[in-house]
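Down below is the structure, laid out as structure tokens.
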Amino acid sequence: MTKTRGGFLISKIKQVQGRVFERLLAAHGIDQFNGAQGRILFVLWEEDNISISDLSERTGLAKTTLTSMLDRLEASGHIQRTSHPDDRRRTNIRLTAAARGMQGPYDEVSRRMSKVFYEGFDDQEIALFERMLERVLDNMTAREATR
């Protein structure tokens, strides 16, 4: 195969998906945070009170990008920074009650987004597609690690 478009298509899907997701958030009255900030909150809904390093790894966001996003989430009252229980030099991120209250509406938007994303796919196609994407991600992660 001489010409491939996988990287281009993934990039284009990410752009369009971001715009659709933002519209779904707005349609559900979620205007307290954007989709990118929602990714941070999603990780914290899964496991609250984690270090910035763990949050960076789980979201795939660079620490510099994550720090500015955390500043905005803290200013809007969705997260708070706390000292790590074992090492006061490290900072943990934890959700506020306001952010915990947004999980239900955000989960509903995520469910709707998944329906849009996988419209016309059967379960086997979804499983195969996701396995292939995981392989691509593994390839890219391995290459990134060999800088």
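Throughout, read-outs are computed from the coordinates displayed, never taken from laboratory work. For clarity, every value in this text was computed on a predicted model and none was experimentally measured. Note that we place each Cβ from the backbone using ideal geometry, even for glycine, and neighbour counts take in every protein chain shown.
Peptides 93-102, 36-45 ranked from most to least packed give 36-45, 93-102, packing being the mean of other C-beta atoms within 10 angstrom over each peptide's residues. Label positions at ARG89 and THR64, each projected 7 Å from the Cα along the C-beta direction, are separated by 2.2 nm.
For ILE79, the residues 5 or more places off, or on other chains, whose built amide H falls under 5 Å of its own are GLU74, THR96.
Could you tally up the Lys pairs in the chain with alpha carbons closer than 24 Å? Skip any pair fewer than 8 positions apart unless they're on separate chains. For the chain, qualifying lysine pairs total 5.
A Förster radius of 30 Å combined with the Cβ-Cβ distance from THR4 to SER51 puts the calculated FRET efficiency at roughly 0.20.
Taking the longest Cα principal axis of the chain as reference, the axis of helix 63-75 is set at about 50 degrees.
Put a plus charge on the Cβ of each Lys and Arg, a minus charge on the Cβ of each Asp and Glu, and nothing anywhere else: the dipole of segment 22-120 about its Cα centre is then about 140 debye. Considering helices alone, the calculated mean residue ellipticity of the chain at 222 nm is -21000 deg cm²/dmol, with DSSP H runs of length four and up weighted by -39500 (n - 2.57) and normalised per residue. Taking chymotrypsin sites (Phe, Trp or Tyr not before Pro) across segment 81-147, the ones in a DSSP loop with at most 15 further Cβ atoms lying within 10 angstrom of their Cβ are TYR118, PHE121.
Angle of helix 35-46 to the longest C-alpha principal axis of the chain, folded into 0 to 90 degrees and rounded to 10: 70°. Along segment 90-106 the Karplus relation, 6.51 cos²θ - 1.76 cosθ + 1.60 evaluated at θ = phi - 60°, assigns HN-Hα couplings of 8, 10, 9, 10, 9, 6, 8, 4, 4, 5, 4, x, 8, 4, x, x, 5 Hz to successive residues, with x for each Gly and Pro. What label, among [x] 17.4, 54; [y] 17.2, 64; [z] 14.5, 45, belongs to Rg and Dmax of the Cα atoms in Å computed from the structure on display? It is the value labelled [x]. Positive contributions from Lys and Arg (+1) and negative ones from Asp and Glu (-1), summed over other residues with Cβ under 13 Å from the Cβ of LEU41, come out at 0. Sparsely packed loop sites in segment 1-70 (the GluC sites (Glu not before Pro) outside DSSP H, G, I, E and B with at most 14 other Cβ atoms within 10 Å) comprise GLU47.
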